[in-house]
């Protein structure tokens, strides 16, 4: 037994090493592609900055060009950027007047909170709905799950968000309209850490639902079909023949194996959840990196855009490594190469 | 028809709102002290709380509650002292003596003195905030701690000078905070120390600014309220919901979509008013690139006026919250506006005739010529206007290639690369026409890479000479006559066509008192606002 565990741990470590090595060229690709794409877009942050500051003196423009390293050819700027990144220097944001990493750090926790809560909701609701639908196949429950999944899959998340605001915030007054917390304690909900956490959770409910229900719909559909497929396999028939109860078979054997496709999608969708949060953050005035990214693209604030892309890629890569490890835990037969 | 429609629409929105607004703004009882006001505006979060060069409406909105100017313009048109008690020109109008208000303190407790004023004018106004308006500035002296004397190389009209003192971001900044630093990157721009009624407390990026009452404010007893929150909600529908749910009490500069204005005022809990924008009228204009030989011909430029149905733009794109423009000086400008300009009504036949006369006759189904029309994408409405302009021009036989680039691309293509034939852009001008309005028509307004200047390339010695006269004419009546002449010449030459003047709207809860009482309300300090129970 000890040998078996050690073998799995060694396999997991091998996988981790391999994935980290693979992540290096992947990150390099992300940086190069994003750097080139954003430099191909017309207009530059220097032009916008001189425009906003009404700078027309050519000497001042040239000084600013040198200050921001824009006098170099693009390839040299790229090399310098990569070199700086290797030293964990993400550059300086002229717009926020602070280092890029600091600007992102201000907004990143809000986005991570929204992402994690949305994924958790999507996973919990999607898996539960899929299991119920598969166990009550061709019944009213199955139809209800299918219709709900179709609705939340088809409804644009920004529309869903606005409708939720109208219903739950404006009409019923149960939820705040937006933001991450009650500004300056205007809600009178008390003070202290616990009250603060409750306040944030209160603000988190609607954006989480608006972002998470789309993914819950996907997971429910995938889970349902996966459960039905696994239920037909030989080992499930064997388990039943051995006299296990339906519940034991479903939870102990079918569910665990049926989760694999959902876990696969979950890993792949980390990037799209991050992208989706840009829209949801806008609808709910959620102060995350989505808003920062939107503003930075609009202002051609290259360092911040690249910084968010790099950190976003790191999050997606980390999530996918985690998914691979979860695979191995769910199904010990799997050896990922 | 368009006007009737606009009035009908207004009946449901503005008349109700204005009636209620009158009660709210002028018929209130004893001001209630304390409480928190949450405000928003129809745009996004600023790049910094204070941008020394202005940086657009967003930082003006956030900084104007903290900083103050030497003077301020009232709703009745009078100029009054704010941080200055008075100002007086010399006999030759080449210098002005400014008496400063005593007892004014910055938020850190240090007194405001002539040194701060000298520093602000020399290092901030001259270099950033008012550079184009101070070309004749010759220096400043401080004979004592409460007096400064501004000198100029030429005579400066009193109206021009007063307008300079009241300029949008012509603030008095603390020398002890800014001296020796680069004002553009000074960290205090994100946590300003100033003299205004509100003190900076916190900026939660992506969410809001929190300001608190300045207990040492020089206007004793003001402000009434304890806190002012400026909250940023990117989506207009989100702003409407936040107002309806009571989370936000006032929104300036078109905070919600026109249909929501009607809905909110219909509840009886909100008022909507166009007051408070008289000194910051926005317009949408069509700029002709005269580097293109086709638009170098005056008849072609005039034809553009007549080919576009500007009533349709006002009615459909702006839901009636706009009116056709007739002059580069906008109609709310009581000092200088005139109707005695080139008549620019919608007349496709006249447009066709002018194009024929310019040497571009229509031959069968072939277009007279093709143009690249750029609609600057910083306002969503510009793209819709582009579609109407395209339709109008195609109806008179001009082929149009319409593009709607985003903000940075638009700025680069219009003002740096001059990569357009026609461009739909926007201007916001105060009453004083020099230089904010005139720089679109003068040769010295052609500054490659500097936006919201003369991008058309229009250059005419007679226009330059006329603007020079306007700059130095100190007799108000004679100056007005010169500005009228400027408007005539500008509309006849038509390098820059005023399509529509926009009507900006403030929406406020009926509980909000003393609002919309400044001709530049977005940029006012809101020292006297209060919230009824």
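Rule-based calculations on the coordinates, nothing more; no lab input. Since the structure is predicted, the reported quantities are computational estimates derived from the model, not experimental observations. Neighbour counts are summed over all protein chains in view; Cβ atoms, including those assigned to glycine, are modelled from backbone coordinates with ideal geometry.
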Return the Rg/Rh value of the stretch A:228-337, two decimal places, where both radii are evaluated on C-alpha atoms and Rh is the Kirkwood radius. 1.21
Alpha carbon convex hull of chain B, projected area averaged over orientations, nm²: 23.8 nm²
Be a star and scan the stretch B:228-270 for residues whose amide nitrogen sits under 18 Å from the point 7 Å along the Cα-to-Cβ vector of residue A:174. B:245
Of all DSSP beta bridges in the protein assembly as shown, what percent run antiparallel (nearest 5)? 80 percent
Just to be sure I understand the curve: with the Debye formula and one point per C-alpha of the protein assembly as shown, what is log10 I(q)/I(0) at q = 0.05 Å⁻¹? -0.34
For peptide A:294-303, compute the average count of partner chain beta-carbon atoms within 10 Å of each residue's beta-carbon. 3
Which residues in the stretch B:311-351 place their backbone N less than 11 Å from a point set 7 Å from the Cα of residue B:391 along the Cα-to-Cβ direction? B:312-313, B:316-317
Compute the distance in nm between two label points, each set 7 Å from the Cα along the Cα-to-Cβ direction, one at residue A:8 and one at residue A:167. 4.3 nm
A:238, B:338 arranged by Cβ crowding within 10 Å, fewest neighbours leading: A:238, B:338
Mind giving me the FRET efficiency for residue A:147 and residue A:326? R0 is 25 Å, r the Cβ-Cβ distance, nearest 0.05 is fine. 0.25
For the stretch B:479-522, what is the Kirkwood hydrodynamic radius in Å, using each pair of distinct C-alpha atoms? 14.1 Å
Report the Cα-based extents of the stretch A:48-128 along its three principal axes, largest first, to the nearest Å. 64, 30, 18
In whole Å, what is the distance between the alpha-carbon centres of the stretch B:479-495 and the stretch B:26-70? 35 Å
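Using just the helices of chain B, give the 222 nm mean residue ellipticity in deg cm²/dmol: DSSP H runs with n ≥ 4 each add -39,500 (n - 2.57), and the total is spread over all residues, rounded to 500. All intermediate terms of the calculation are to be shown ahead of the outcome.
Working: 14 runs with 134 residues, N = 533.
Theoretical 222 nm ellipticity from helices: -7500 deg cm²/dmol.
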Which percent of the Cα-Cα distances in chain A go past 38 Å? 32 percent
Hey, could you pull the Cα Rg and Dmax for the stretch A:120-201, both in Å? 17.5, 52
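When each pair of different Cα atoms in the stretch B:208-257 is counted once in the 1/r mean, what is the Kirkwood radius in angstroms, to one decimal? Could the numbers behind the result be given before it?
Numbers: mean 1/r = 0.0802 Å⁻¹.
After inverting the pairwise mean of 1/r, the radius is 12.5 Å.
Taking neighbour counts of Cβ atoms within 10 Å as a proxy for exposure, in what order, fewest first, do A:76, B:497 appear? All intermediate terms of the calculation are to be shown ahead of the outcome.
Working: A:76 11, B:497 25.
Final ranking by Cβ density, sparse to dense: A:76, B:497.
Can you list, largest first and rounded to whole Å, the semi-axes you get for the stretch B:74-175 by taking the square root of 5 times each eigenvalue of its Cα gyration tensor? Mind showing how you got there, number by number?
Numbers: eigenvalues 81, 47, 40 Å².
Computed over the stretch B:74-175, the values are 20, 15, 14 Å.
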Simple spin-label model, 7 Å along Cα-to-Cβ: residue B:465 to residue B:417 in nm? 3.8 nm
Distance in nm between label sites at residue B:403 and residue A:84, each 7 Å beyond Cα in the beta-carbon direction? 2.9 nm
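Based only on other Cβ atoms within 10 Å, what is the fewest-to-most ordering of B:203, A:141, B:526?
Numbers: B:203 19, A:141 14, B:526 25.
Sorted ascending by nearby Cβ count, the order is A:141, B:203, B:526.
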What is the gain in length, in nm to one decimal, between residue B:216 and residue B:151 on full extension, counting 0.36 nm per residue of separation less the C-alpha to C-alpha distance? 20.2 nm
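Quick check on chain A: helices-only [θ] at 222 nm, where DSSP H runs of length 4 and up contribute -39,500 (n - 2.57) each and the sum goes over total residues. Nearest 500, please.
Values: 14 runs with 246 residues, N = 337.
Rounded to the nearest 500, it is -24500 deg cm²/dmol.
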Can you tell me the length gained on complete extension of the stretch residue B:122 to residue B:349, counting 0.36 nm per residue apart and subtracting the Cα distance? 76.3 nm
Residues in the stretch A:67-108, backbone N under 11 Å from the label point at residue A:27 (7 Å along the Cα-to-beta-carbon vector): list them, ranges by number please. A:85-89
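Would you mind classifying the stretch B:366-405 by shape? Square roots of the alpha carbon gyration tensor eigenvalues, ordered a ≥ b ≥ c; an a/c under 1.5 is rounded, otherwise it is prolate if a/b is larger than b/c and oblate if not. If you can, show how the numbers build up before the last one.
Working: a/c = 4.64, a/b = 2.05, b/c = 2.26.
Oblate, since a/c reaches 1.5 and b/c is not below a/b.
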With a Förster distance of 60 angstrom and the Cβ-Cβ distance between residue B:298 and residue B:88, calculated FRET efficiency to the nearest 0.05 equals 0.85
Distances over 15 Å make up what percent of all Cα-Cα pairs in the stretch B:243-297? 63 percent
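Given R₀ = 51 Å, FRET efficiency for residue B:263-residue B:363 by Cβ-Cβ distance, to 0.05?
Calculated value: 0.50.
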Counting all C-alpha pairs of the stretch B:174-298, share separated by more than 17 Å (%): 74 percent
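Could you work out the per residue convex hull volume over the alpha carbons of the stretch B:281-502, in cubic angstrom?
Numbers: hull volume 23.5 nm³, N = 222.
Considering the Cα atoms of the stretch B:281-502, their hull volume per residue is 106 Å³.
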